[in-house]
Every structure is written in C-alpha cells, then in structure tokens.
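Reviewing the structure listed below.
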Amino acid sequence: MLALSGMRTRWITFVGSFVALALGAGLIAATGLALAATFDAPERGPERFAAAPVVVRAADHLRVDTPSGTRTKPLDHPGPVGPRTADRLAALGRTVADRTFPADVTAARTGADAGEPRSDAKEPRTGADARKSRPGQDAEARVGHPWQVAAAAPYRLTSGRAPAAPDEVVVTTRPGGAPLRTGDRVLVRTPAGNAPRTVVGTVAGRGFEDAVFFADDEAARISPDIDALVVHADATAVRRALGPDSGMDVLTGHDRRRADPDPDRDARALVSVNALLGTAAGITLFVSAAVVASTFSFAVAQRRREFGLLRTPGQIRRTVCAEAVLVGVLASAAGVWLGAGGAPLLVGRMTEAGLAPPWFALGDASWPLHTAFWTGVFVATAGALVSCHRAGRTAPTEALREAAVDSRVMPASRRAAAALVLLAGLGLPALALAVDPGDLLGRKSYITRPMLLVVGFALLAPVLVRPVGRLLTWLPARLPGATGVLVRENTAAGVRRTAAVAAPVLITVALAATLTGTVATLEEARATEARTGTTADFVVTSGQEGRPPAPAFVERARAVEGAVVSVSRSTAVTVLEEDTALVTSEARAVDDPARLAAVSELPVTAGRLSDLDDGAIVVNEEWLTTRVGDRVTVWLGDGRKASLRIAAVLATGTGDNGVYVTRRNAGGADVDRIDVKVAEGADRRAVAAALRSAGAATGTRVTTRAEWLAANGPGTNDPTRTGLRMILGIALLCTATALANTLVMATSDRVRDLAVLRLAGATAPQVLRLVAAEAVVAVGVGAVLGGLVAAVNLLVVWGALVLLGVVSAVVVPWGTLGLVVAAAALLAAVSAVLPASLALRTRPVELAGARE
C-alpha cells in the first residue's frame, strides 16, 4: 500500500523512471533480437558451382601437424589444378575447366560517339564526373570464365547463342548494370590486353558475380591456369584417383560453396554484425543501468524526509524495492513490446547503411525478449537497493531538521568504491602500456576501457560537483546582477540534483569523445605512417574491385626514362608460434628490394632493407623471433614451406607495418601496387606525362603521392564510423530521457524555492532564466567530467602509439562534442523551464505555503 501511495503522489518521478527503463529494455530487446539472428542465420548454399556434381580445386587451407594437434589456416593464394591432375580425372568422366580472371567491359557508345570502342578507355570515374560521362565511356568490373563452365551455376541463355570465335562473348545482365544486348560491340580488358569483342548472347545474372563468358580456347589463352575442375564422376572415385597427398580438395554438396567467389564473405559479415550489435547491447545496458541508478538515487534523496518518518529502515527498503519492482516489471514489459517492434526497423536500417549484408533478416528467437525483461527488472531493483541503503540509515529527527543544502553526500563506502574503480581504470591501461601497447588499439579495448573511468568519476561526482561548478560559474558570478551568484550557490547547495543531471552527460560525452576520438586518432596515425613511409612521387594501386594494374602498364612504366619503379604484390606468410598456434601476417612481395628502399622510408629498427633477397624476410617487432640473421620457418601464401633469414626488423606501428619478401616468395600473388619515384636530375613533367600516357593506353589510373594519400586518408563513411554513430545515437537517446526525467523531477520539487524568489521580488522571466542557467551549468559539469575521462583515454591511445613507434597528433572530435553538449544543454534548459513555467502560474503565496 505504501508503495502504491508513493507512486500515486510522486507520479512524475515514476513516469520518468518508467520511460528511461522502458527505453533501455527496448533497446536491449531490439539489439538482442538482431544479435540472435547472427547466431541462427541460415547457411547459404553453393552459387558458382550449384549444378556441378564434383568440384576439384587446390586446397585452400594450410594444415600443419603440431604436438597439440593439426592446426589450419586459410591460404592467401591457393594454387591451380595441374595439367597432370586434369588429365588423370578426365579418364573418370567428362571434365570442365574453370578459369577466372578480370574482364572489365566498356559498353558501346551511342549517338555521335557510336563506333569502335577506343583502346585508351580509362578507369571508371565516380561522383560528379561519373554523372557527366557519356554512355559507354566507363568500364564495368566483371570476371571472365570459359563458356562451358556456365552450366555449373547454372547460367542459361536468355538471348543469342554461345561464343564460338575468339572475339565473341556472352555477358550476364542485371538491373542497374550496363544495358548490354546481343550484337553490341564492347571493349574488354583482360590480363592478356584490351580487345574489342561482340556480345553474341546474354544470360540472367545470379547475383554473386557479373560475368563475361569466352570461347573455351580463348579463355585458356587469356588465363592458362585451371582454377577449378568440374568432374562428372563419382566423388569416391575422384578421391581415390587423386590420392591422400594430392594437395587437392574434392568438394561435393554444401562444400562446393568453398569454390564460390569469396566464400567467407557471409561469415565475415556476420562476425562484423555480431561485434557491432554486441557492443551496442553492452553500451545500452551500461548506460541504462547508470541512468536508472542515478535516477533512483536522486528520487530517494528527494524523499529523505518522507522516509525519515517511517518506522524502520526495513520499511524504507521494502517500500522502495516494491516501487522499483513494480516500475521495473511494467517498464520492462513495455520495453520488450517496443523492442520487438523496433528490431525489424533496426535490421532494415543496418542493411541500408551497409552494416549488414542484404540477406540478413530476423529469426524467431525469443530469448532476447526474456533477457531484456529480466535485465530491466534487475536494473531497477539493483538501482533502488543501492539508493535506499543510505535513506534507511536516516533517523527521523535527522530527516526533519535536514536543511535544503545537501550534506554528507559522499559516504565512506562510496569513496572506497570510487577509489577502487578509478585505480582499475588507470592501472589496467598502465599495465598494458608496459606489457603490450598494441592491445590498447583494439576495438574491444577502446570501447570497454572508458567504462571503468566513467563509473569512477560518476561515483565521485558529489565531491567533484562543487569545485567544477564553482569553476564554471566563476565569471558569471562576477557579472552584474544576482543570477550568476544564485546559480553558483544553488549548484553548490543542490549537489545531488546537479550530480543527477551531470551523470548522463558525463557518460555520453566520455563515450562520444573516446570512441570517435580514438578512431580518428588511429586513422591519423595510419595516415602519418603512410606519409612518412612512402617517398614515391606517383603511386598506382589496384583499381576498381581490387583489379590489378595491367601487365602492359608495368612494362611501359619500367621503360620510362628517369623513373625508379618499384613493383610489389600483396601476399601473406604464416608462422607456427611456440609449436601451438599458426599466425598469419600480411606481407608485401617486392620485385627489387633496392628499388623498394628508393621509394620508401620504412621504420627499420634493426638490419637493412637492402639485405632482403630470395632467402630472406623482413619482419616486424610483433614476431617472436626478431634477431637479424636468425632463420624462421614460414608457409607462403600458396602453402609452400620455406626457411628464411631475417634481414631487417620494422617497428610495429599501428599494425600496417607488415612483412616483406621477394617475388619468388609471393605465393602466386598478382601485382597490386607500383611506386614510382622521379630519379634525381630527371624531368618530373616528362616522367608524369609518360606515366599518364601509359595509364591511358592500358586503362590504369596513375595518381600522385598527394592524391594517393588523400584517397587513403581518414574516411568518413566507412562501416566503423557508421557503427559508432549508431552506438552514440543509443547513448544520446538514453541521455536525453535521463536529462528530461531528472530535471522535471528536480524542478517540480523546487516550487517553494521558486515561490520564495518571486516573493523576494524576482520576475517570472528572471526565475526562468535562473532555472535554465542552473540546468546548463549542471550539463557543463557533466561535460567537464566526461572530457576528463576522454582526455585520459586519448592520452593512453597516444602513449601506445608512441611506444609502437608512431608519433602522431591526438585528434579531438570537437565538432561531435560540441553537438552533444549543445543538444544536452538545450534539452536540459527546456526540461527545466517547462515545469517551472507551469509552477509559476500558481500564486507565489500559495506555493510558499504548500507542504512538501
């Protein structure tokens, strides 16, 4: 009865708590349902070889026997199917060889531009340039295959016929793609060069690739290696013919998906979605718990006189807990209903933003709804228990004589808890700086690390409110008029009220500054590494969809007088660490180590780059073996085992300082980067003109060093930033609810104070300005404390970068912080002024005589 009576008389307090808790439970339910969908996502079947009975391809995983069992790792460049293997399998039944290679298509021009496609077609343009381009000028990235393998998908002709001559092709069609039709003349760029060809047929696209099919002999000429072999025979017979040590995989059933283009893309997408939703759910729980605890703490502090009149501390605790459970059950039920309705909207928004794959959809799991409900009830009950503990120790006489000025707002137990949390929040990063600085740059670290400091500062808020508030009101208090003085004194007197308003702002500012600031700082550090590590004047990298530069361009670039050309390839090397774990490192294979040294300034800490040769390797400081001259056993990108000598060691940096080997150890990788430096005394303009001419003739885009750095600098629309914006949006939503709730509660409880000001001669506008100023100062206190938390975390990131050998500036997201603080201040002012203006409609004498 006491609980129901209290809720009826203080309905404003409980409405605010209800909304805050329902919102938190709803967000947890929505993110939980989407998270559950990542666990129950259906396995998608094979695509490229869905109609093939048996597919044989080179093993795509490295397998190494260790004392603790067999360890596996994906290979970066699986090898081809050898001719002898193909001949042996041909004796078992009909075989079809698949060859996959880039085949970029420039569609035929129309109108005045009609005619033979030009051989100097350039890279496709984007943005405004693309919109201005004429039809048929831009190349569309596609993949080439022999026509015979089209039946393995299966592809079926929708118009025309199969290709028979070398200059004939069949293309897939799709909505939004180039409007290619049978009879069109197109320019097709392949590794064998550019050539005009005739579209003699079309097939409907199947969604996983845009293909160009050639006559079988022409495909074999363009790409001699067999990437996969379709065998129309019994799988057991195929395995028996190959033998156990053939290095080939025999794929049937669902395993045929491993032969699809990028077969792990779905798994990677689900891992990314899982990490994002898990982080969002964790931060939602953290913010909701902190907000609800702060709200209940302030609500209990407001009722300390009421509680002092009850008989026993047990009565107080039972009353508060009963209220909390009742609110928690109702709010959690409402939140579960909101979350169930909001989850489809969340998933839809994630797919639109590219955070989740287009096929991602909700499942039928119900456990997230139960989890959200009981989490809400637990958070409400726990917040009330913590808050009512102190109220239960308040004696009746003490409550009756307690003044409006908050006193003894920080018990010893809370001080001890704050000290322990802050010690952990500062000690753990300090330990990581000493032991493993690189661990501090991981996403899990910089997302979870601020939470300890946020909790520590929130626990200390009652102690910090007065000094920070006096600092913020120092200048206003010295201005003419009494408003500044009253704001300063009211802020210092109402410590609990100010701390309750500051807490959600503290959380949001700390998270916003830490998350966005850390991401921006790491991006700036990577950009700094790129600027200092590359001294080339021109850089050519893989074009659209990872297309390698044309081989003809490499030959022309090397022939340019006055150009120092360094050609390299992306690959990987794998090492067995401590006989237990296979660790794969990104690597770059260079054609000429001497030219590499001419176009780069890598952070060498030991050895010399010029000592790199076919029997050597350059490693970084993350490797277990880093002594120059020692030999390491590695597996190359194609699975070959090699023993290489350490020629040099690089600083770890942000993780982009990988491994360097020579072309012989590239594991079959294609050229994907060309660095060109103008030799001393050479004509820069002449070199640039020759490179651009070679690029135009081969469809290769040549960029200057500045253009390349700008294109590879800090991004603004990548999935990481989009995900962070979603997380911060959740935190802002919780903050807005908490701010509005707390200030409505606080202002409604101060009607007598406002009436006294009116009776003392203050006008209604003056009182409203005072209330708004106090709310804004409380927001400022939270912003300052949140800024301190963010400053500590950003300094930790900067220290880790310095220890890893990267000297880069700390990027403070002033724009984001300004928006967050401004929005919080505006909301706080409105939430304080509205109830105050309603209260001021009553005559001051009546308000002053009202009982609390």
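All of the numbers you see were taken from the coordinates with simple rules; none came from a lab. These numbers were taken from a predicted model, which means no experiment stands behind them. Cβ: placed from backbone, ideal geometry, glycine included. Neighbour counts: every protein chain shown.
Place the peptides 318-330, 182-194 in order of packing, highest mean first, counting for every residue the other Cβ atoms within 10 Å and averaging per peptide.
Details: 318-330: 21.2, 182-194: 18.8.
So the order, starting with the most tightly packed, is 318-330, 182-194.
Any chance you could run the full-extension gain for Trp359 through Trp814? It's 0.36 nm times the residue separation minus the Cα-Cα distance, nm to one decimal.
Here the segment from Trp359 to Trp814 would lengthen by 160.1 nm.
Under the classification rounded if a/c is under 1.5, otherwise prolate if a/b is larger than b/c and oblate if not, where does region 541-671 fall, given a ≥ b ≥ c as square roots of the Cα gyration tensor eigenvalues?
Cα axes put region 541-671 in the prolate bin.
Determine, for each peptide in 420-433, 732-745, the mean count of other beta carbons within 10 angstrom over its residues, then list the peptides with the highest first.
On the way: 420-433: 15.6, 732-745: 24.4.
Listed from highest to lowest mean packing, they are 732-745, 420-433.
Given a Förster radius of 25 Å and the C-beta distance between Thr532 and Glu586 as r, what FRET efficiency does 1/(1 + (r/R0)^6) yield to the nearest 0.05?
On the way: r = 19 Å, r/R0 = 0.76.
Efficiency computed from Cβ-Cβ geometry: 0.85.
R0 = 35 Å: FRET efficiency of Arg627 with Ala559, Cβ-based, nearest 0.05? Mind dumping the intermediate values first?
Values: r = 41 Å, r/R0 = 1.17.
The value I calculate is 0.30.
Taking only C-alpha pairs under 8 Å that are 6+ residues apart, what is the relative contact order of the chain in percent? Present the calculation step by step, with values, prior to reporting the outcome.
Details: 1620 pairs, mean separation 142.5, N = 852.
This gives 17 percent for the chain.
Using r as the Cβ-Cβ distance of Asp611 and Leu479, and R0 as 60 Å, what FRET efficiency do you calculate, to the nearest 0.05? Numbers along the way, then the final one.
Values: r = 70 Å, r/R0 = 1.17.
Taking R0 as 60 Å, the efficiency between Asp611 and Leu479 is 0.30.
Two decimals is fine: what's Rg over Rh for region 425-551, C-alpha atoms, Kirkwood radius as Rh? Could the numbers behind the result be given before it?
Numbers: Rg = 23.4 Å, Rh = 19.0 Å.
Dividing the radius of gyration by the Kirkwood radius yields 1.23.
Just to check I understand the Karplus step: with θ = phi - 60° and J = 6.51 cos²θ - 1.76 cosθ + 1.60, what whole-Hz values come out for region 780-788, glycine and proline as x?
Whole-Hz 3J(HN,Hα) from phi for region 780-788: x, 4, x, 5, 5, 5, x, x, 5.
Please work out how many pairs of lysine residues in the chain are eight or more positions apart (or on different chains) and have Cα atoms closer than 30 angstrom.
The number of close lysine pairs in the chain is 4.
Give me the Debye-computed log₁₀ of I(q)/I(0) at q = 0.11, 0.12, 0.14 Å⁻¹ for region 181-282, equal point scatterers on Cα only, no solvent, two decimals.
Relative scattering, expressed as log10 I(q)/I(0), comes to -0.63, -0.72, -0.88.
Please give the contour-minus-distance gain from Val463 to Ala267: 0.36 nm per residue of separation, less the Cα-Cα distance, rounded to one decimal in nm.
Working: separation 196, 0.36 × 196 = 70.56 nm, distance 4.88 nm.
Length gained, Val463 through Ala267: 65.7 nm.
Between Asn712 and Leu826, with labels modelled 7 Å along Cα→Cβ, what's the label distance in nm to one decimal, could you check?
Those two pseudo-labels are separated by 4.1 nm.
Rg and Dmax of the chain over Cα atoms: what are they, in angstrom?
33.8, 106
Once the Cα atoms of region 525-615 are picked out, what are the Rg and Dmax in Å?
Here Rg and the maximum Cα pair distance are 15.6, 51 Å.
Grab the Cα-Cα distance for Ala151 and Arg645, subtract it from 0.36 nm times how many residues apart they are, and report the gain in nm with one decimal. Don't skip to the end; give the middle numbers.
On the way: separation 494, 0.36 × 494 = 177.84 nm, distance 4.80 nm.
Residue separation times 0.36 nm, minus the Cα-Cα distance, leaves 173.0 nm.
State to the nearest 20 debye the size of the charge dipole of region 633-689 about its Cα centre, where the only charges are +1 on K and R beta carbons and -1 on D and E beta carbons.
Numbers: 9 positive and 7 negative charges, 47 e Å.
Value, rounded to 20: 220 debye.
Mind checking the dipole of the chain: about its Cα centre, +1 per Lys or Arg Cβ, -1 per Asp or Glu Cβ, Debye to the nearest 20?
Details: 90 positive and 78 negative charges, 721 e Å.
Here the size comes out at about 3460 debye.
Can you give the Rg/Rh ratio of region 147-192, where Rg is from the C-alpha atoms and Rh is the Kirkwood radius? The partial results should precede the final answer.
Details: Rg = 11.5 Å, Rh = 12.2 Å.
Result for region 147-192 is an Rg/Rh of 0.94.
Hey, can you grab everything whose amide H is under 5 Å from the amide H of Gly144? Only 5+ residues off in sequence or another chain; H modelled, so Pro and N-termini drop out.
Distant-sequence amide H within range of Gly144: Phe101, Ala103, Val212.
Just to check I understand the Karplus step: with θ = phi - 60° and J = 6.51 cos²θ - 1.76 cosθ + 1.60, what whole-Hz values come out for region 86-97, glycine and proline as x?
After applying 6.51 cos²θ - 1.76 cosθ + 1.60, I find 4, 5, 5, 6, 5, 6, 8, x, 5, 10, 10, 8 Hz.
Could you give me the ³J(HN,Hα) list for region 567-579, computed from phi with Karplus coefficients 6.51, -1.76, 1.60 and θ = phi - 60°, whole Hz, x at Gly and Pro?
9, 9, 9, 7, 8, 8, 10, 10, 10, 8, 8, 6, 6
Under 17 Å from a point 7 Å along the Cα-to-Cβ line of Ala50: which residues of region 146-162 have their amide N that close?
149-158
Where does each of 820-832, 240-252 land if you order them by average Cβ count within 10 Å, highest first? Mind showing how you got there, number by number?
On the way: 820-832: 20.6, 240-252: 14.9.
Put in order of decreasing packing, that is 820-832, 240-252.
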